[in-house]
Amino acid sequence: MGNTKTKPRGQVQVDGIEIQHHANLQQTNLRSPYRPNTADAKKKKKNTITPLVLDEAKIGILNSWVSKHIKKKECVVFIPQESSEGETCRCGYSKNSHFTCTPDVPPETKWDPQIHLKEFPSDAHGDMTFTGTTRNLAKYVRASNDTRPSVLFELMTEQWGLSVPNLLISVTGGAKNFNISPRLKNQFSRGLVKAAQSTGAWIITGGSHAGVMKHVGEAIRDFSGGDQDSETVLIGIATWGIVHNRKSLISEAGGAPALYTMDEGSQGALCCLDNNHTHFILVDDGTHGRYGVEIPLRTRLEKFISEQTMHRGETTIKIPIVCVVLEGGPGTLDTIYNSMCNNTPCVIVEGSGRVADIIAQVANLSSSRITINLIKEKLQNLFSDTYDSFTEAQIIMWTKKIQDIVRMGCLLTILREEKVGDQGMDVAILQALLKASHSADYNGQENWDHQLKLAVSWNRADIAETQIFTEDWTWMPSDLYPCLTLSLIEDKPSFVRLFLERGVSLADYLTWDTLTYLYNNTDPSSLVHSKLERYLRIEGSKEVVVSTIELYHVSRVLQELLGDLTEPLYPEAKHKRMGNIAHINIKINGKVGAIKKKYKHYKQLEHPVRDLLIWCIVQNRAKLADIIWKLMFLTKTWWGKLSVDNGFIQILLCMLLFPLIFSSTNSSSFLDGNTNERRNRSVHQDPRNAPRGCHWMLRAFFTAPIVKFYYNLVSYIGFLWLFAYVLMIDFQTYPSWREYLLYVWVFSIFTEELRQLLYDPEHRGFVKKSAEYIPEFWNQVDLMALGLFIVGLIWRLVWTDTVYLGRVFLSLDFMIFCTRLMHIFSVSKVLGPKIIILRRMVKDIFFFLFLLAIWIISYGVAKQAILTTNEERLDWIFRNVVYGPYLTLFGQIPSEVDSLNFDPTKCSQNGTDPTLPKCVFNDGSKALFPEWLTIILMCLYHLLANILLLNLLIVMFSYTFGEVESHTDQVWKFHRFGLIKEYNERPAATPPFILLAHLYNFLKHGIFRHPAHGHKVLRRDLDEGQESSLLAWESYMKDNYQQMQQQRDEHSQENLVKETADSVSAVLRLLKMEKGSEGHQLEERLSVLEEQMAQSTQYLNWIISALMEKGFSSRTRILVHSSSQDSEDKASDGSGEKNCYTILYHVKSRVLHYPDYRMIRYPVPDEMVPWEVEFPEYNPPLYNAERNDRGTYDPNTEMEQKNRKYNSVDGLFDFRSCCGSYTVQDGLPLNPMGRTGLRGVGSLRWFGPNHSLHPVVTRWTTSSANGPNPKASKNMLEVLVVRRRENELWSLPGGTLDPGQRVPIEFQALLKKTYLREFLALLDSGTEVFHGYLDDPRNTDNAWIETQAINVHLGTKESLDTFLQNLKESDHEITLRWQLLDHKIPLYANEKEILQRTAEHLYALF
């Protein structure tokens, strides 16, 4: 049964791969070559082509494993079909194919797969290759349809060597060949491959060379690239019995690969496997020619994989799954419905045809508007060839399923045809997962952490930045630590940069234990990993067992790599912390170990940035090192020789009392350059590292740019204070000593600007220095301030009668000097971006002033000409033409435009009085100008200038603010560079003492000709040779990039195809619009009418609800869960917007799958729910489940008797309903809310209303477990919830009331018996928050649940303590906990609405 051939010892083949024999078999881990690892989105392992080094023994192990765990099915009894003339069995195979057939059986024997099919070890597995193709080998296996999913998962991960995926993409759709537009196919294929490769995903399809499977295979072929490390895992799960040429696959591992021929011409009713898939699971149920056999096993396998967890460093997350739908028929609709019922998000590709287009076209409609007639219309358009084969029952089923699909809007994402190019399939897939995760029942921080872990696993920082880091949640830096650790270990620089930009401080993040953990999870391929392992083995061979890498091991490795002169960075502790350190598994064979318990020590590192930079460098992670280096370089330059860990208080104290620098407790950590401590630890002392004295320490402190900045800031504030004092208090006819001090101070500022212009240590020349100095904005401000000061000083000192004029110039100059403060404060991360915004707004206002001047001058001249004749005084002309209209903008309305305000005594008739304006045109007693015209002009001026132009200015400012605010961090870093550069080159002394430094430099370099050293200059310009080299390199890189871009564009002629496809698509859309314009208008009118009716119904429902809350009239109440309400997220574009309103019919009660999955309801669309609506096709099944707690009540007997007193109390049974009187038909009650699709009692206790009680036990809480919340000012509640062993969800304690009971048995079991009477008193004094119909999946046409929810609030310490003392503890059957009240609580069924009403009653946060 095999094709295993004997090979020479030392070299064999397994699955077509040559395997080298190892002599030392005992020391080799046999499972290590197949060890399952989590897929890396960037460095994904291509397991199908990697040679696995195995020996003959391992070949036997492989074949033995498959024979033991993987089975096939064969028919062992030949029972001929009636139409085959005795040659074909009812299993589909011919008589000759029954090799293990039993003797003949009587012809009347009915073929039974449970009896006549037997399992045998699989005879088909190994490698296969396709004839006529150049692709690599594909792995395959023939497996029984009863194979456990865990076995198949073990086969793929351990035997086939696939890495555990970060994402599972299940693609479904049309099984037959179909055509889609070239543009859509191109974008779908590109996005699907990008999503798979960027996340390390598995793609699962049906595996055949037809329909959607063929499209996916071609996508992998065309867009996965030729790089072996980027191959996408494409798994085909097909039915063995429908595979054409499957006999060629019958072979075992160890021989030559099976040669498979794709012969579509002779396949007939069978199908060929697709040659672009990498793995195949061929599901065998023992039959031939039957399609769909693989679907149940595929469903179980996908569910099993999605329940597995990925271990990524310190994080653990379940493998997400998404379903992608392309085209499709009835089977596809079933797949979509079942997937979404299992909480699997689906992405529907609009424009692909049939089912996908139907769902896409109705996704934006409310479910009540998705009617049977609408679905009929869609089927006629999209299933024109097969529409006649649809029965009325099938159309009803389609309507119901599509309504439910649209209701689950949080799981539905539509990739719109017109937005395919903008959004992309990859973004749609990831947004669908985030959308589903966001709507899932997680608690606050847990939900957001879950989404961030998904994004990190996919390595999609762009998705995280736009979809996760939003204003909906406040992220603390510590919340990002686990994901930052994962990003570092898995080499994801984009996320490291993102986290640092989000405020993570490496000084706080990188502790001693964190760095230890990072070194214990180094890349196995790195040199440092092997050397650390060697040190670990050396110590492991001694008496002391070392199970983890410590930082002193790292010190030894660094000394070994860099030489003995390197000082040990991490000294070995005298007492090893073996008992306190958490166990960390080193990353061996590619698997990242997880921390088993929390560290007990969080020792801070002296230089965390340096330590992390070294960690990146020793693993050759250039991009990560570049990010850390950029972060480290400017910061290190800013601090000079001071330690970057110093705080502001330390710097300030040492600036005030500089002797503190020499204190023994401060100097060891204050100065980064201190080597005394390290000198004592060094084995070989470098002579250059001799201890420095006080002079060196003082120099190191006072030359640090940050210290120079603070001193200059204080000096400049002192200068401004002196300037203001002289101007306001001490400005005499002749200058005082304070004014002379001001002159000296300004002269020192002038000399510093002169130094910046003339000082040229790089010998670039005056022209280049000037070209660098003058364009700088703040240098221009300095020159303006100094120039204006010189002008004011000249007027001040030259003539005594112009002293006041000089004071005016100096006052204006003071304003410019104050403006210079903004540049100083640009170093602040908070103020810096705001100053940049202000600078850009000043530029905006100049353009605005040009427009404003047009309106001011035009209105001012016209007004002046109409009101006054021949005004010759220039000052009054300026007042009336410019100044007056300008003040009008700020609300000062001119009075002269109205003739009623004319007063001859307040003006000059001839303009001879210089203190009065010239009178308006008048006859001596009244004004003669056309006041109607002046008033109209003033109104127009206000409209255009005060409203339009000022609002335009506001819009301009808003745009500028948003543009800068969106990338605040980058803008701040860019402008911070200039300030750091300036203070790095500036002398240590501050004005006016900086004159001494300039004098010293002049004597040193000008008189004594000492050469200037430029080592401190941050270079901004280059000499000719360096500049030519840089330009040559830039030119080469530009040409190289353009050449690569051109080759990429010309490779597949993508632009031509895209333009052609766009043109064709546009023409088709125009034709469709022209063809259906009239019908479309009618449809729009009907849609508007339906929307108005729906709104009217909504408002009526609100009125009814309000009246019921006030106790009026109708007693009808219904509780509908939010997820089951007639509401849907806007599925298109993944927007997630909600449009919810309450409905008066049930939804959960009509779910097709009854809770125990034994029955399928008859589909009931929304329009057919009311009993008053005729529904001739309605034929629901009957279901009466067996229960042991009914006592003598027998549902089957109840159906036969006709004397039961419904709508009243009948003995112990209370059949009254809080919904009012209900109908009794054929002796059975009818559900007052309408049809459910199921007759009988179902799994409930009895017919009619089943009364239940849910005590809502609450208490106040003083803290939130969900982190900061903007609504935290409200009171927060905790509620008692319970989870039973058989359920995954939590629920409110309570249950169905037995006849005569006041408290359900389920709740009594939680309390001590002695406390029951006291709790009944609390229940009587509690508040009823709900009493009515409960929309529950267990409801039927004849039985339903009505519940009463009473809030028992334990508001006092005494009542709470008493309750807790009498509350039983959790056990293996029941788990109790106090749950913080939140709308994301993972509660069962409809109980969230009860909690929401409780929160509203107690005015608490929900």
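The values are calculated or read from the model by the stated rules, or taken from the named source; none is laboratory data. The shown structure was predicted, so the numbers you read here are calculated from the model rather than taken from an experiment. Ideal geometry is used to build each Cβ from the backbone, glycine not excepted, and the neighbour counts take in all protein chains shown. The protein model used for the area step is the full one, side chains on, heavy atoms only, and it has no ligands, DNA or RNA in it. Shrake-Rupley method; radii C 1.70, N 1.55, O 1.52, S 1.80 Å.
Before moving on, here are some points about what is shown:
- Within the shell defined by Cβ-Cβ distances under 12 Å, the residues around residue 787 carry a net charge of -3, with Lys and Arg each +1 and Asp and Glu each -1.
- Peptides 702-712, 456-466, 60-70, 1354-1364 ranked from most to least packed, by the mean per-residue count of other Cβ atoms within 10 Å: 456-466, 702-712, 60-70, 1354-1364.
- Using a cut-off of 19 Å between Cα atoms, the listed pairs 73/303; 708/981; 636/834 include 73/303; 636/834 as exceeding that distance.
- Of the solvent-accessible surface of the stretch 330-428, computed with a 1.4 Å probe over protein heavy atoms with every protein chain present, carbon and sulfur atoms account for 42 percent.
- Using the Karplus relation 6.51 cos²θ - 1.76 cosθ + 1.60 with θ = phi - 60°, the per-residue 3J(HN,Hα) values for the stretch 174-191 come to x, 8, 9, 4, 9, 10, 10, 4, x, 5, 5, 5, 4, 5, 4, 5, 4, x Hz, with x marking Gly and Pro.
- Accessible surface for the stretch 455-515, divided over its residues, is 33 Å² per residue with a 1.4 Å probe.
- The amide H of residue 78, built 1.01 Å from its N in the peptide plane, has 102 as neighbours under 5 Å, considering only residues 5 or more places off or on other chains.
- Accessible surface of the stretch 1290-1364, 1.4 Å probe, proportion on carbon and sulfur as whole %: 52
- Fully extending the segment from residue 562 to residue 1156, taken as 0.36 nm per residue of separation minus the present Cα-Cα distance, adds 207.0 nm.
- Span from the the stretch 501-543 Cα centroid across to the the stretch 476-491 one, whole angstrom: 15
- With a Förster radius of 30 Å applied to the C-beta separation of residue 733 and residue 812, the computed FRET efficiency comes to 0.90.
- Given their separation in residues at 0.36 nm each and the Cα-Cα distance between them, residue 83 and residue 873 gain 272.6 nm when the chain is fully extended.
- Per-pair calculated FRET efficiency, R0 = 56 Å: residue 985 and residue 858 via Cβ, rounded to 0.05: 0.65
- Each peptide in 1318-1330, 500-512 gets a packing score, the mean of other Cβ atoms within 10 Å over its residues, and the list from highest to lowest is 500-512, 1318-1330.
- Amide hydrogen proximity for residue 1275: with H placed 1.01 Å from N in the peptide plane, the residues at 5 or more positions away or on another chain lying under 5 Å are 1405.
- Here residue 753 and residue 942 are evaluated by their C-beta separation; at R0 = 41 Å the FRET efficiency comes out at 0.30.
- Peptides 1180-1193, 283-296 ranked from most to least packed, by the mean per-residue count of other Cβ atoms within 10 Å: 283-296, 1180-1193.
- Within the accessible area of the stretch 174-273 (1.4 Å probe), percent carbon and sulfur: 49
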